[in-house]
1. Tell me which of 40, 73, 84 sits at the most positive position along the dipole axis of the stretch 3-98, charges placed on C-beta atoms (Lys, Arg +1; Asp, Glu -1).
2. Using only DSSP helix segments of four residues or longer, with each worth -39500 (n - 2.57), what per-residue ellipticity at 222 nm results for the chain after dividing by its residue count and rounding to 500?
3. Suppose all protein chains stay in the model; what accessible area per residue would a 1.4 Å probe give for the stretch 200-264, in Å²?
4. Note the direction-averaged projected area, equal to a quarter of the hull surface, for the Cα convex hull of the chain, in nm².
5. Taking Cα atoms, how many degrees apart are the long axis of helix 188-200 and the longest axis of the chain, rounded to 10 and kept between 0 and 90?
6. Skip the ligands, DNA and RNA, and give the accessible area per residue of the stretch 288-399 with a 1.4 Å probe, whole Å².
7. If the only charges are +1 at each Lys and Arg Cβ and -1 at each Asp and Glu Cβ, what is the size of the charge dipole of the chain around the Cα centre, to the nearest 20 debye?
8. Along the charge dipole of the chain, pointing to its positive end and built from +1/-1 on Cβ of Lys, Arg, Asp and Glu, which listed residue (6, 19, 352) has its Cα farthest out?
Amino acid sequence: MSSAGSRDAQRRSVTELASCVRCGSCKAHCPSYRQEGTEGMGARGRAILLKQFLEGSLEPSALLDERIFTCILCGACNKLCPLGIDVTGAVYEGRRRLSAFNRKRRLLGLGMRLALKRPSLSFRVLQFIEGANEVFPLHRIKPFGVLRQMGITVPGFGLRDGESLFRVPRPRGRVAVFAGCTANFLSPHLGGALIRSLNALRYDVVLPKGEVCCGAPLMGLGLMDDAAELAERNMHVFRKLKVEAVVGLCPTCVHFIRNEYRKLGGEGIVHALDVAQFFAGERLPSDSDTQERRIASRIVYHDPCHALNYLGVSVEPRQILRERGFTVSETERGCCGFGGSFRVLYPELSGSILEERREAYRSADMIVTSCPNCILQLRSGIRDKEVKHLVEIIEEGVKGSRHGRRKHDRKQG
Ligand code: SF4
Ligand code: SF4
């Protein structure tokens, strides 16, 4: 991001925040405010602090730093503000200016910069750490320890290794997959389910070589230039593909590559869609043999914040689940408390937000969502229920269908 670009962003934020009438609507679903109950830990308090900080009348301090970095960037405030003020845009701007303020976060940022720019190497390092844990207790280093604490094991293979093309006979179109880091390296089975489901609907599927992290974790730490570098690399890879859509397994990635890249100086990948958005427009084959089990199960759909608040997705996944024979129970919606580095930096707050979800989903037999990160977080705190990605439900349906049994070619490039 150029310095002129960041000056513009800062000016825009100050102008927007100056129009705030302090009505407080934005804090109604603010997860940190719900836990802490103090003004400074809520969206309105942050909006007031950020205006003062960005216009230069408030100096950086440890307290200000905490107020700005305990925002989980869920976007609920933006959605609720009657004046359309981009509170999270101001939070990003504040973080950019505070990025070097806290030593612990500086170290985390350094590690993440190194890891996310070289995804394949980082994956091999993670695998090594997993294998060597008995000899070198590397899990004592916080970010690695968090994986352990959450019960996450690093699989022996990632989703991609070079470009892959999954073809079907007489395709009706071609779709690219933006897998995202979690699905790529921690939950590769989700990528497999997405590819098989797309193939079953007669789409050729391409996993292009060169996908890197969408940049959300770096932008969350205020490292805009590094996030912009990743954005440029992804846009270079995905914008030259001749595909009808770029389908993402993680709504945060989809929101970033489609919307936030524009703020980083790019054009964004405009035909990016999340799984629910893509499959809601498709006729999915039905498999009647599991209908009975479905009717007996009480399903809750957990709305990932970025799908709900930025992509506007809430009807589509419920429609898909109902079409597949599930009864979907409704409960008050809320964040899972993951937030990427938020879980590492503020584990207690993250845990109390998760506890609220555990209570809310108490009577459900199964939780379905469409974000691999929400799945890891929910599984770490709700161990007595199945937590599934929507694409696994979709795949279950297409597996037994005629198209689902077709063989597909796989070309490695
Ligand atoms: S909802 Fe909008 S106008 Fe109201 S306090 Fe929040 S930011 Fe200000
Ligand atoms: S993005 Fe979420 S956590 Fe941050 S201020 Fe807005 S509502 Fe609160």
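The values are calculated or read from the model by the stated rules, or taken from the named source; none is laboratory data. What you see is a predicted model, and the numbers here were worked out from it, not measured in a lab. A quick note on method: Cβ atoms are made from the backbone with ideal geometry, for glycine too, and the neighbour counts reach across all protein chains shown. These accessible areas exclude ligands, DNA and RNA; they are computed on the full protein's heavy atoms, side chains included. Shrake-Rupley method; radii C 1.70, N 1.55, O 1.52, S 1.80 Å.
1. Farthest towards the positive end: 84.
2. Taking each H run of at least 4 residues, the total per residue is -14000 deg cm²/dmol.
3. 32 Å²
4. Answer in nm², one decimal: 19.8.
5. Here the helix axis deviates by roughly 50 degrees.
6. That works out to 39 Å² per residue.
7. 840 debye
8. Selected residue: 6.
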